[in-house]
Amino acid sequence: MKTGPVQAALAARPDEFETVLVHTGQHYDAAMSDIFFDELGIGPPDHMLDVGSGTHAQQTARVMERLEPVLVAERPDLVLVPGDVNSTLAATLVAVKLDIPVGHIEAGLRSFDRTMPEEINRVLTDKVSDLLFTHSPEAEKHLLSEGADPDAIHYVGNTMIDTLVALQARIEAEGSIAARGLEPGGFVLVTLHRPALVDGPLLEEVVQQLAALARETPVLFPAHPRTQKGMDGMGAASSPGLEIVDPVGYLEFLNLLSGAAAVLTDSGGIQEEATFLGIPCLTLRDNTERPVTVEMGTNALLGLRPDRVAELPSLVEEIRAREAKVPPLWDGRAAERIVDVLVERR
């Protein structure tokens, strides 16, 4: 969702740019990877690294080992890396050590929580990147406070919102709400995947709270494979009104999100999508690297406190009562601005 618009904007200028797409395979399940390439119209990657799962060190090392010969052979003028996953940092390190400039899409986000692997990936990637593409005002402040070169920072907007804007008609036509027997505005959508919630005792408490909520409002929970594994054997997971399903594609998920009464999540990206769509978002985390969604948008932090799920109806009303706005430059043209910077800097 973050890379597709940039690739399309570069491809629209074939006389100026040639692109090579590398998929590390960090996300490899068909429901978590292939369907996005198909639905977003990105097409097959030029290189597939097939790194699979493993510890953070194993996964990062595999990306580095397998990407290095690709970069040596292709010898690009620039490597663009999105986000904050292990692949982001691994690709950055390989490129920098080969003296290839790096551009970081979504630079400058900070949760200030070093226990999150993503925070380490973000901080280190920004430190050695040559171009820092930010999507919110506070990101530039973070980068400058860490000593980044002001000339390297470019406020371009949110490329993930570019994807949403480009596919909005298809999202609206998806029809997933009716197909699942739900009413627009009459259900709560849930996604949870972070280790702090799903790899320990908090998961069972969350499921119990969702089961209680489902007695009043239908709850739809497309669950990550790791989350599903953690829920095996939980009696509350089969409660009436609580529907736990396999992961869904991008178009279906955004269709569901756009028609939900609220979304309960621990995902960073969904905080942004909910803000753009004006859907109340309750985030089960102590912090967020996307504070603009709280300050301007429809997001509220619950902390790592499953008991606060019981407050969801009243919290949703509070969010609806405040004047939420879409952050500046979340307008579907961030990728164009990135390409303009590349033309200028070339």
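The values are calculated or read from the model by the stated rules, or taken from the named source; none is laboratory data. Bear in mind the structure is a predicted one, so any value in this text is a computation, not a measurement. Note that each Cβ is placed from the backbone with ideal geometry, even for glycine, and that neighbours are counted across all protein chains shown. Accessible surface is based on the protein model in full, side chains and every heavy atom, while ligands, DNA and RNA are left aside. Shrake-Rupley method; radii C 1.70, N 1.55, O 1.52, S 1.80 Å.
The number of residues in the stretch 209-219 being open to solvent by 60 Å² or more (accessible area, probe 1.4 Å) and touching a Ser or Thr at 6+ places or on another chain (Cβ under 9 Å) comes to 1.
Give the residue, chosen from L254, L304, that is out of contact with any Leu (no Cβ under 6 Å at 6 or more places or on another chain) and surrounded by 21 or more Cβ atoms within 10 Å (Cβ to Cβ).
Exactly one of L254, L304 is out of contact with any Leu (no Cβ under 6 Å at 6 or more places or on another chain) and surrounded by 21 or more Cβ atoms within 10 Å (Cβ to Cβ), namely L254.
Residue count for the stretch 220-238 under the criterion of being buried (at least 17 other Cβ atoms within 10 Å of the Cβ), more than 19 Å from the chain's Cα centre (by Cα) and of a type in the set (A, V, I, L, M): the result is 4.
Taking the criterion of being part of a helix (DSSP H, G or I) and open to solvent by 50 Å² or more (accessible area, probe 1.4 Å), would at least one residue in the stretch 99-107 satisfy it? Scanning the stretch 99-107 turns up no residue that is part of a helix (DSSP H, G or I) and open to solvent by 50 Å² or more (accessible area, probe 1.4 Å).
Taking the stretch 165-269 as the region of interest, the helices (runs of 4 or more DSSP H) fully inside it that hold 1 or more residues being over 30 Å from R333 (Cα atoms) and free of Cβ contacts under 8 Å to residues at least 40 places away in the same chain are 176-179, 195-198, 202-214, 225-231. Residue count for the stretch 101-115 satisfying the condition of being in contact (Cβ under 8 Å) with a residue 12 or more places away in the chain and closer than 26 Å to M296 by Cα: 10. Any idea how many residues of the stretch 35-85 are among the polar types (S, T, N, Q) and free of Cβ contacts under 8 Å to residues at least 24 places away in the same chain? Of the residues in that region, 2 qualify.
Listed conditions (1) of a type in the set (D, E, K, R); (2) touching a strand residue (DSSP E or B) at 6+ places or on another chain (Cβ under 9 Å); (3) open to solvent by 60 Å² or more (accessible area, probe 1.4 Å) are all met by K2, apart from (3). When L89, L80 are screened for being assigned to a strand (DSSP E or B), under 23 Å from the mean Cα position of the chain (by Cα) and either aliphatic (A, V, I, L, M) or at pLDDT 95 or above (or both), only L80 passes. The single condition from (1) in contact with a helix residue (DSSP H, G or I) (Cβ under 9 Å, 6 or more places away or on another chain); (2) among the charged types (D, E, K, R); (3) surrounded by fewer than 21 Cβ atoms within 10 Å (Cβ to Cβ); (4) more than 28 Å from E174 (Cα to Cα) that E289 fails is (3).
Of the residues examined, G241 is one that is of a type outside the set (S, T, Y) and either more than 27 Å from D113 (Cα to Cα) or more than 15 Å from the chain's Cα centre (by Cα) (or both). Candidates in the stretch 157-189 are the residues that are more than 21 Å from P327 (Cα to Cα) and among the charged types (D, E, K, R); of these, the one that is surrounded by the most Cβ atoms within 10 Å (Cβ to Cβ) is E174. Residues in the stretch 277-308 that are within 19 Å of G108 (Cβ to Cβ) and among the hydrophobic types (A, V, I, L, M, F, W, C): V292, V294, M296. Evaluated against (1) assigned to a loop (DSSP other than H, G, I, E, B); (2) open to solvent by 20 Å² or more (accessible area, probe 1.4 Å); (3) of a type outside the set (A, V, I, L, M); (4) in contact (Cβ under 8 Å) with a residue 24 or more places away in the chain, H154 falls short on exactly one condition, (1). Filtered by the rule that a residue be closer than 20 Å to F133 by Cα and among the β-branched types (V, I, T), the stretch 67-110 gives V79, V81, V85, T88, T92, V94, V96, I100, V102, I105. Residues in the stretch 314-345 that are open to solvent by 50 Å² or more (accessible area, probe 1.4 Å), in a helix (DSSP H, G or I) and touching a helix residue (DSSP H, G or I) at 6+ places or on another chain (Cβ under 8 Å): E336 only.
Of all residue pairs spaced 6 or more apart or on separate chains, those with beta-carbon atoms under 6 Å, a first member in the stretch 125-150 that is part of a helix (DSSP H, G or I) and a second member that is among the charged types (D, E, K, R) are H142/R110.
Answer with yes or no whether E119 is more than 22 Å from A335 (Cβ to Cβ), open to solvent by less than 20 Å² (accessible area, probe 1.4 Å) and either part of a helix (DSSP H, G or I) or among the basic types (K, R) (or both). The answer is yes for E119.
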